[in-house]
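The values are calculated or read from the model by the stated rules, or taken from the named source; none is laboratory data. Worth saying up front: this structure is predicted, and the values here are computed from it rather than measured. Virtual Cβ from ideal backbone geometry, glycine too; neighbours counted across all protein chains shown. Side chains are part of the model used for accessible areas, which takes the heavy atoms of the whole protein and leaves out ligands, DNA and RNA. Shrake-Rupley method; radii C 1.70, N 1.55, O 1.52, S 1.80 Å.
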Amino acid sequence: MKIAFVGKGGSGKTTLSSLFIRHLAANEAAVVAVDADINQHLGAALGLDEDEAAALPALGAHLPLIKEYLRGSNPRIASADSMIKTTPPGAGSRLLRVTEDNPVYEACARTLELDGDPVRLMATGPFTEADLGVACYHSKVGAVELCLNHLVDGPEEYVVVDMTAGSDSFASGMFTRFDVTFLVAEPTRKGVSVYRQYKEYARDFGVALKVVGNKVQGPEDIEFLQDEVGEDLLVTFGHSDWVRAMEKGRPARFELLEATNRLALQALQDAAEDSYADRDWDRYTEQMVHFHLRNAESWGNAKTGVDLADQIDPGFVLHEALVSPRPTPRPAPQPA
C-alpha cells in the first residue's frame, strides 16, 4: 500500500509517519520510507544523527539514472531526456517493486535497522541556497512522483511518504498516488484548516482521506476534532514520553511505546489494509494519464520539444500482476 502523511507545519506529521514506519517494521512488513518534505527530518526521526541524515543520497540528484532505468525498452519514449515527472509507464517500461533490488534503490536508498527491523529510506534531498531563484522544490519531488508512477506494490508491502507541509502537496498530481492519506491535525482552528483545503482539492479524485488527531490532551480536544472533521477522524494521539525521548536522540526500544499510542498505530495499519480492497488500478492509471497531459500542455512539451501525449500507451494499465522486464545483461569483458 502507498501511504501519505500530510498536515500543516508543526502538526507532528513527520513524527507520526516515523512512528508508523517503526510500527510496520516491527510487524515484519516490507517498508520503503520516503522523505518528500522540503524540511528533511524523517531520517532524524528514524534515528539517524545529523551527519548520517546529511549523507543520504538525494533522489533529485539521481533523476537521469531513474529515468533511464524506468524507460526500459518502452518504444514510446525515445530518450530519458524526454521523460518528465508525470511520464506514465507502458509496455517495455521497467517497474519498481518494494522488496526487489534494482539500480534505483542501489543509488537512492539506504537500509536502516530499527530495533533490528530493516527499512529502506529514500529522500528527495534538501532545498539549498543553490536552488534559490532557479528551481522550485517540486522539481526535486518530481523524482518521487516518477517512481510512484512506476511502482507496483501488493498486500503487506508499504511505501510511506512524508509529504511537504500544508496544501503545497497539490502543486502536482502526486496527491492521487496513494491508497490512503493520513492528515495529521492538531485540535485547533489552524490545525484543521489544512484538512478543509485538502478535502476540497481531493474531492474530485477519490482520495481516501483519514484525519489523525495529534497532541490531544483530553476529551474536549477529541470533541473539537469530531465536530470539525466528522467521520474522517480515524484516531488520536496524546502525550508520549517515548516520543520526547526520541526527539532528544535517546529513544527507548520501540516496544516500550505507550500502549494507547501503539493501539493508535495499529488503527492506522488497519485502515491502510482496508484500503487494499478499494484499490482501482484502472482509475489509478487514468489519473496518471490525466496529470501527464495537463503537465505536457502546461510546460512539458515546450521544455522537451516533443509531444508528450505520444508517451501514453492506451492499452496499458498498471497492475501488481505485471512483471517488469529484466535489464539486458551487459556482455562480459573479453580477455585481451
>> Could you give each residue of the stretch 8-16 its phi-based ³J(HN,Hα) in whole Hz, using Karplus coefficients 6.51, -1.76, 1.60 with θ = phi - 60°, and x for Gly or Pro?
In response: 6, x, x, 6, x, 4, 5, 4, 5
>> How would the stretch 150-251 be classified by its alpha-carbon gyration tensor: rounded, prolate or oblate, with rounded meaning a/c under 1.5 and the a/b versus b/c comparison settling the rest?
In response: oblate
> Mind ordering 242-252, 43-53, 152-162 by average Cβ neighbours within 10 Å, highest first?
Replying inline: 152-162, 43-53, 242-252
> Protein chains only, probe 1.4 Å: how do 120, 76 rank by accessible area, largest first?
Replying inline: 76, 120
> If you plug each phi of the stretch 19-29 into the Karplus form 6.51 cos²θ - 1.76 cosθ + 1.60 with θ = phi - 60°, what whole-Hz ³J(HN,Hα) values come out, in order, with x for Gly and Pro?
Replying inline: 5, 5, 4, 4, 4, 4, 5, 5, 8, 6, 7
> Hey, what do the phi angles of the stretch 224-240 turn into as Karplus ³J(HN,Hα) couplings, whole Hz, using 6.51/-1.76/1.60 and θ = phi - 60°, x for Gly and Pro?
Replying inline: 4, 5, 4, 5, 7, 10, x, 6, 6, 6, 8, 6, 10, 10, x, 4, 9
> Pulled fully out, how much extra length does the chain show between residue 197 and residue 280, if you take 0.36 nm times their separation in residues and subtract their Cα-Cα distance?
Replying inline: 27.4 nm
> Once amide H atoms are built 1.01 Å from N in the peptide plane, which residues 5 or more positions from residue 258, or in another chain, come under 5 Å H to H?
Replying inline: 242
> Of 220, 113, which has the most accessible area with a 1.4 Å probe, and how do the rest follow in descending order?
Replying inline: 220, 113
> Under unit Cβ charges (Lys, Arg +1; Asp, Glu -1), what dipole magnitude, rounded to 20 debye, does the stretch 189-336 have relative to its Cα centre?
Replying inline: 860
>> Quick query: amide H of residue 180 versus all other amide H atoms, modeled in the peptide plane; which residues come in under 5 Å with a sequence gap of 5 or more or a different chain?
In response: 2, 4
> Out of residues 5 or more away from residue 151 or on other chains, whose amide H comes under 5 Å of its own, with H placed 1.01 Å from N in the peptide plane?
Replying inline: 96
> What 222 nm value per residue comes from the helices of the chain, counting each DSSP H run with n ≥ 4 as -39,500 (n - 2.57) and dividing by all residues, nearest 500 deg cm²/dmol?
Replying inline: -10000 deg cm²/dmol
> Of 14, 260, which has the most accessible area and how do the rest follow, probe 1.4 Å?
Replying inline: 260, 14
>> For the pair residue 220/residue 156, report the inter-label distance in nm, with labels modelled 7 Å from Cα in the Cβ direction.
In response: 4.6
>> For a quick check of your reading of the filter: which chymotrypsin sites (Phe, Trp or Tyr not before Pro) in the stretch 259-296 sit in a DSSP loop and have no more than 10 other Cβ atoms within 10 Å?
In response: none
> Taking a ≥ b ≥ c as the square roots of the eigenvalues of the Cα gyration tensor of the chain, is the shape rounded (a/c under 1.5), prolate (a/b larger than b/c) or oblate?
Replying inline: prolate
>> Let's see if you can work this out: charge +1 on each Lys and Arg Cβ, -1 on each Asp and Glu Cβ, no other charges. What is the dipole magnitude of the chain about its Cα centre, in debye to the nearest 20?
In response: 760
>> What does the C-alpha gyration tensor say about the overall shape of the stretch 8-163? Classify as rounded when a/c is under 1.5, otherwise prolate if a/b is larger than b/c, or oblate.
In response: oblate
> Hey, what did the chain get for relative contact order, percent, Cα under 8 Å, at least 6 apart?
Replying inline: 26
> Excluding ligands and nucleic acids, what accessible area in Å² is computed for residue 56 using a 1.4 Å probe, to the nearest 10?
Replying inline: 40
> How much length is gained if the chain between residue 263 and residue 319 is pulled fully straight, taking 0.36 nm per residue apart and subtracting their Cα-Cα distance, in nm to one decimal?
Replying inline: 17.0 nm
>> Compute the distance from the alpha-carbon center of the stretch 181-197 to that of the stretch 267-328, in whole Å.
In response: 28
